[in-house]
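A.B. asks: My questions all concern the structure below.
The values are calculated or read from the model by the stated rules, or taken from the named source; none is laboratory data. Source: prediction; values computed, not measured. Here the Cβ positions follow ideal geometry from the backbone for every residue, glycine too, while neighbour counts run over all protein chains shown. When the accessible area is computed, the model is the full protein with side chains, heavy atoms only, and any ligands, DNA or RNA have been set aside. Shrake-Rupley method; radii C 1.70, N 1.55, O 1.52, S 1.80 Å.
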Amino acid sequence: HRTKQSGAIRSETWASKRTMKASKALRSKASANPRAFMLKNARTTQAELYKAATRGIRDPECCGGSCRGFFEIFYGDRDRCKVSLLCANSTMLVFGTTLFVVNLSVLSLDMGDILRTWAFIGMIADGALCITQGIVGLVFLYACNGAKSDEFLSTTALPLSYLVLELSCLIINLLFTLANMALAIKVEITKQFSDETQFVLEINYVLGFSIFLATMLAHSAYHFLLNPWLYTPYVATEVDDIMLEDEKTMKIWGDNINSAYGTGYIGAWDGHAALSLVKSYKEAMTGDAKSRIPYVRGVLLRIDQVEAKRANPDAKMEEDKKLDRMEAGKKCLEPVALVFITVVERFDLAKYVSGPFGKVLSWCFGMHSWNGLLCVRWGLVGFQWPFHGGIFMMRRSREPLEDMAKVQRSLVVWNRLQTKPCTVLMSPCYETQLDSWAFKKAQFLNLEVGPAVIVDLRRYKGMDYKTFQRLALKKGNRRNHASFFQKKGGTYVVSREFKDFDKDFDKLHANLCASTATARVGRGEVPLLCPVTSGVVRSLSETHLKIYRRQFGIRVKGEPAGAAMLFEFPGTKLMTSDMQGLKHDIARPAHAYFAMLALTVELCLKEGIDFLDFGPTTLDPKLDVGGRLIPSRAGYYTHSMILRSYIQNGLERFKALNAEVEERLKAEEKKEGHFWAYGQPYVVEDFQYCTEEIKKKFNVLPKLEPVKDPRAEEKKKSGGGKKSKKKGNQQGDKKSKKQLNKEARKAKRKAAKAAAKAKLKQTGKDKSAQHKKSPKPKPDSKSNRQNQT
């Protein structure tokens, strides 16, 4: 049976390699005219890929499902891993206790041998570490066997403290085991000590080697438990740049992306705009030092299905022969999914260590050092700008979660077959997307990252910006930032022609982004995976279609103060603001950043945009202009247990930066009687995949209801006459207790002033009346002269 398993693993590996070779050969044939080649050789293409992928692979269901191959039996079977963990941790606990008790008993006897004493003390320390490691392992195993074991395993990583404990146990165990063995040999040769001493030394090194093997077994079981190999019927192959030049193929793929799961959910991208962005990034990212973004490479994969009926492939080939040539060509042009991966060839882990120690690490072992020990190859399954996942499904399945999980697993298989695989695969997405719910099934490390800020304008259709401010924002956030910006000498340009902002727009934009990145790192925030360079800005201006991008540039008194890139996705009515750069000493006095955010929201309202995505950083200013927080997740796949723990600890620190903002918003939602823009409820159409569990978790409403303007309704009721004076009962006009107290004090002061004025006026009237009643003296009389005197 084991011979069959080893044969199955070799067949699986060889078949995957043959698939890659066959796809490369076919791509070389298609270099001249890709569409004509695919239409003429559709049957040949499908047949060769099918043969290459299925040759030598056993039927997974043969022998009652027992011949599934090594990967599905050992990697995929978590029960076997749990049994191995139970045996290994129990062994460490029992043998560690034995070592501790035996050597402690020997030390209690006064034998007066210094060499023997330090050897026994070392084995006591080894026994104590083994006891601790065994207890921690059994607790972990207990958590794995709970009701939510899959969820626990997909969201956990061994703590760095445990990995340090494990490494310490291995080192101490190996050193003192060898020392006890050497002493036992010496006692055997010299016959200096008693037989009891020799017996204890022999027990020590026998138990020491057993503990060493148990520790290695436990580590391997942890590795296979957290990184299992699962079968996937999908094959991932790279798409050549020549294929991206075929406009008809791109149109078909774009339409399929839009029609698969619709374009109305949060996180949906217009397929045509996404493919145009992919083409631009692939030209800018070549992966070498001369790339427009140095050492960054863009990869576009197509995911095709390998038929599940392996037992009788001839029957499938006969069915393919019956297909019409055009239908076969159409089938070949339509993959299951497209995936874009941004591969960072030299990702510097030392950048994530703050302080002077991080600078020393970066200089000694970072990206620019001669050894690069702290550099890994990082694969971002998606885009850096906008920060978005890159999995685009091109067909709708009856089981969406299973289908997405198979696609994600095919990326792992593709990565393993590369000559230089990525150390980490990272796939970010919103919780409203299908990806986030499939990470658990795909056995990715499923972690929550900081929320993104999206301005949802669907409920405010047809409103101007002032009305939006009154209905969507609290009174303290309704400042006119644009007016203040203009008073300080600020001007702005939003144009599809980047030269309208500056002749050297690419260098200027890159310098502004570098200034912002430096300020972010100084505040302790996480640096970007790859920096904004002048080359990538120029590539977007040259190759990304004009209808899908604009540049937002601002100046203060003629000095460049900031810039941003606006990506547009018309099919989904989405706009994103990315590559934000500011010169803070110029922009801050004029409130330029707040003005940019407000003006972008105003632009989206004018053009009927549904969603404005501001990204996951600097939450407060974006929430003040009408944004709402959308929870985000990321799936990670890595074989390194240390990196798995490192990633989890880093994300917890990143989440802590935004925790205060989220708690404050939750507290404000409880106080308010109605929702503002930041507290809009979810509706069913917000989710790409919505179940009863999701509806219950997010309190999902069945339908989206637009916000009504009470002033407009009152105006309609009154026939266009004067506005009603009734206030406080309609949505958007409700006043807080603080505002009511302020207005009461103001009214009191006004009444006091009016009373004082009335009193003063009354006193003046009394004096004038008294003056009229008194007789006027004659001018020549004696009394008049006396009065004058």
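A.B. asks: Say the dipole of the stretch 535-595 comes from +1 at the beta carbon of Lys and Arg and -1 at that of Asp and Glu; which of Phe567, Tyr593, Val556 then lies farthest toward its positive end?
C.D. replies: The residue sitting farthest along the positive end of the dipole is Val556.
A.B. asks: Let me ask another. Could you give the alpha-carbon Rg of the stretch 398-547 over 2.2 N^0.38 Å, rounded to two decimals?
C.D. replies: Against the empirical 2.2 N^0.38 Å value, I get 1.46 for the stretch 398-547.
A.B. asks: Quickly rank 96-108, 677-689 as a protection proxy: mean count of other C-beta atoms within 10 Å, highest first.
C.D. replies: My ranking of the peptides, most packed first, is 677-689, 96-108.
A.B. asks: Using only the C-alpha atoms of the stretch 381-458, find the volume of their convex hull and express it per residue in Å³.
C.D. replies: Dividing the Cα hull volume of the stretch 381-458 by its residues yields 128 Å³.
A.B. asks: Also, quick follow-up: Take the solvent-accessible surface of the protein heavy atoms, probe 1.4 Å, and return the percent of it on the stretch 579-638 that carbon and sulfur atoms account for.
C.D. replies: Carbon and sulfur atoms account for 56 percent of the accessible area of the stretch 579-638.
A.B. asks: Moving on. Over the stretch 458-602, what portion of Cα pair distances is larger than 25 Å, expressed as a whole percent?
C.D. replies: On the way: 3410 of 10440 pairs.
The proportion of pairs with Cα distances above 25 Å equals 33 percent.
A.B. asks: Here's a follow-up. Over all directions, average the projected area of the Cα convex hull of the stretch 430-497 and note it in nm².
C.D. replies: Value for the stretch 430-497: 8.8 nm².
A.B. asks: So what's Rg/Rh here for the stretch 522-662, counting alpha carbon atoms and using the Kirkwood radius for Rh?
C.D. replies: We get a ratio of 0.99 for the stretch 522-662.
A.B. asks: Here's another thing I want to ask about it. Share of the stretch 372-434's accessible area from carbon and sulfur, percent, 1.4 Å? Can you show the working numbers first?
C.D. replies: Values: 1040 of 2070 Å².
Carbon-and-sulfur percentage of accessible area, whole number: 50.
A.B. asks: I've got another one for you. Rounded if a/c is under 1.5, else prolate if a/b beats b/c, else oblate: with a ≥ b ≥ c from the C-alpha gyration tensor eigenvalues square-rooted, which is the stretch 218-315?
C.D. replies: Verdict is oblate for the stretch 218-315.
A.B. asks: How large is the direction-averaged shadow of the alpha-carbon convex hull of the stretch 499-550, in nm²?
C.D. replies: Here the figure is 4.1 nm², rounded to one decimal.
A.B. asks: Between Leu704 and Arg396, what's the calculated FRET efficiency when r is the beta-carbon distance and R0 is 22 Å? Round to 0.05. Display every interim value, and only then the final one.
C.D. replies: On the way: r = 22 Å, r/R0 = 1.00.
E(calc), rounded to 0.05, equals 0.50.
A.B. asks: Here is a further query. Just to confirm, what accessible area per residue do you get for the stretch 538-646 at 1.4 Å probe, in whole Å²?
C.D. replies: On a per-residue basis, the stretch 538-646 sits at 31 Å².
A.B. asks: Follow-up. Return the carbon/sulfur percentage of the accessible area of the stretch 122-281, one whole number, probe 1.4 Å, all protein chains in place.
C.D. replies: 67 percent
A.B. asks: Any idea how far apart Lys716 and Lys487 come out in nm if each label point goes 7 Å out from Cα toward Cβ?
C.D. replies: 3.6 nm
A.B. asks: So what is the accessible area of the stretch 444-508 per residue, in Å², with the probe set to 1.4 Å?
C.D. replies: Result: 48 Å² of accessible area for each residue.
A.B. asks: Another one. Evaluate E = 1/(1 + (r/R0)^6) for Leu174 and Ile547, where r is the Cβ-Cβ distance and R0 equals 45 Å; express this FRET efficiency to the nearest 0.05.
C.D. replies: E between Leu174 and Ile547, to the nearest 0.05, is 0.10.
A.B. asks: Just the number please: accessible area per residue for the stretch 180-287, 1.4 Å probe, all protein chains included, in Å².
C.D. replies: Working: 4340 Å² over 108 residues.
Per residue, the stretch 180-287 has 40 Å² of solvent-accessible surface.
A.B. asks: A further question on this structure: Using r as the Cβ-Cβ distance of Arg588 and Ile185, and R0 as 56 Å, what FRET efficiency do you calculate, to the nearest 0.05?
C.D. replies: Here the calculated transfer efficiency is 0.15.
A.B. asks: Output the direction-averaged projected area (hull surface divided by four) of the convex hull of the alpha-carbon atoms of the stretch 116-240, in nm². Walk me through the intermediate numbers first.
C.D. replies: Details: hull surface 49.6 nm².
Taking a quarter of the hull surface, the average projection is 12.4 nm².
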